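These notes are about the structure you will find just below.
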Amino acid sequence: MNRPLISMIVGMYKGEKYIRECIDSVIRQDYTNLEIILVDDGSPDNCGSIADTYAESDSRIVVVHQKNAGVSASRNRALDMAKGDYICIIDQDDVLSTDYVSYFYNLIIGNNAQIALTPTAEKFFGSPTFQTEFKDHVEVWSGEQTAIEMLYHKIIIAPWNKMISRKLLDNNHVRFNPDFFGGEGFAFSVQSYQYAERIAVGHKLVYHYRVGDPESGASKFRESTIHSSINAQQYIKDTFVHETPELLKAWKFSNWHTYCDCLNIMVGCGVAKQYKDLYKELEQVCKSEATCAFSAPISAQQKLRGILFKIDPYMAAKIINHFRIRKFEKANRGE
């Protein structure tokens, strides 16, 4: 009996440095009944031609070339054309373990679920480390429980650590909001979860997320991305299927956390004085809403973060950026 077709979606824009490694990891999956949709979002580099070359030697690959429309529009175009029973969305500079697809598929089938996910992924700087022997612990969560876990940042706020039923997405008209280019994956994931009755949660690190130098963030600061991330939080609240007290409490934490993340970026990039009004807006929320962390079901480290932002948001951001850079330097040395 043929196993279901699974659609793998990869959006491409200025990603030629790592796109071959990403595509190679997709085509080498031990689950072979795949539809691989590569969307060239008007990339000015060689992503499109690289994808075309792969398509010539692998009939499972479909390449779409379009004018630049953004990551959300690219993914939506692929979702609209996908024929698979299940969907996986991959970032262009990341790498998959060979059992990424089979792992998630078996979680779905074995637990009668509509979505399978892992709360985290392996973050790597040079080369990924692939797990060989691993004893998994699998749980089944409700859609609301999963949304709450992500709003408390206990699950990576990205679309790529999961496999989702295409029927669930299509029947409930779940797509990426093209107005957002920061927070769009967070919104898509939280919305998806709420339509699922059963979500299988495993813990094997089958997705490998490439992390860049945190000190290079200064060249990547965009005021529009800050606004997008904040607006995406309001969009998440507006798209709640059922606004329960538990979901709303988790959202308030997530909204505060997003403001703090945006403040961290501004401080880390050294642009707080340049964008005084925006900084003041972020600072006010980070400080006044910090108490939401005190009663949240989060780690002691996250609660400490709340205390620091309540005392002095600028100092908190400086401390967080300091430890992020130290962590990167240690990882780069292989420590």
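The values are calculated or read from the model by the stated rules, or taken from the named source; none is laboratory data. Computed from a prediction, not measured in an experiment: that's the story for all the values here. Here the Cβ positions follow ideal geometry from the backbone for every residue, glycine too, while neighbour counts run over all protein chains shown. Heads up: the accessible areas ignore ligands, DNA and RNA and are worked out on the full protein's heavy atoms, side chains in. Shrake-Rupley method; radii C 1.70, N 1.55, O 1.52, S 1.80 Å.
Things to note:
- Odd one out for ASN33 among (1) in contact with a Lys or Arg (Cβ under 7 Å, 6 or more places away or on another chain); (2) closer than 14 Å to GLN92 by Cβ; (3) without any contact (Cβ under 8 Å) to a residue 60 or more places away in the chain: (2)
- Residue that is open to solvent by 10 Å² or more (accessible area, probe 1.4 Å), out of contact with any strand residue (DSSP E or B) (no Cβ under 6 Å at 6 or more places or on another chain), more than 23 Å from ASP85 (Cβ to Cβ) and free of Cβ contacts under 8 Å to residues at least 40 places away in the same chain, where the choices are SER59, SER49: SER49
- Selected residue [over 17 Å from the mean Cα position of the chain (by Cα) and over 27 Å from ASP170 (Cβ atoms)] from GLU283, GLU197: GLU283
- Pairing each residue of the stretch 12-30 that is in contact (Cβ under 8 Å) with a residue 24 or more places away in the chain with any residue that is open to solvent by 70 Å² or more (accessible area, probe 1.4 Å) and basic (Lys, Arg), provided the two are 6+ apart or on different chains, yields no C-beta distance under 9 Å.
- Every pair of residues 6+ apart whose Cβ atoms lie under 6 Å, when the first sits in the stretch 194-211 and is within 20 Å of HIS137 (Cβ to Cβ) while the second is among the β-branched types (Val, Ile, Thr) and open to solvent by 10 Å² or more (accessible area, probe 1.4 Å): ARG198/VAL140; ALA200/VAL140; GLY202/VAL138
- Residue selected from the stretch 267-303 under the condition under 17 Å from PHE323 (Cβ atoms) and assigned to a helix (DSSP H, G or I), by the criterion most open to solvent (accessible area, probe 1.4 Å): GLN301
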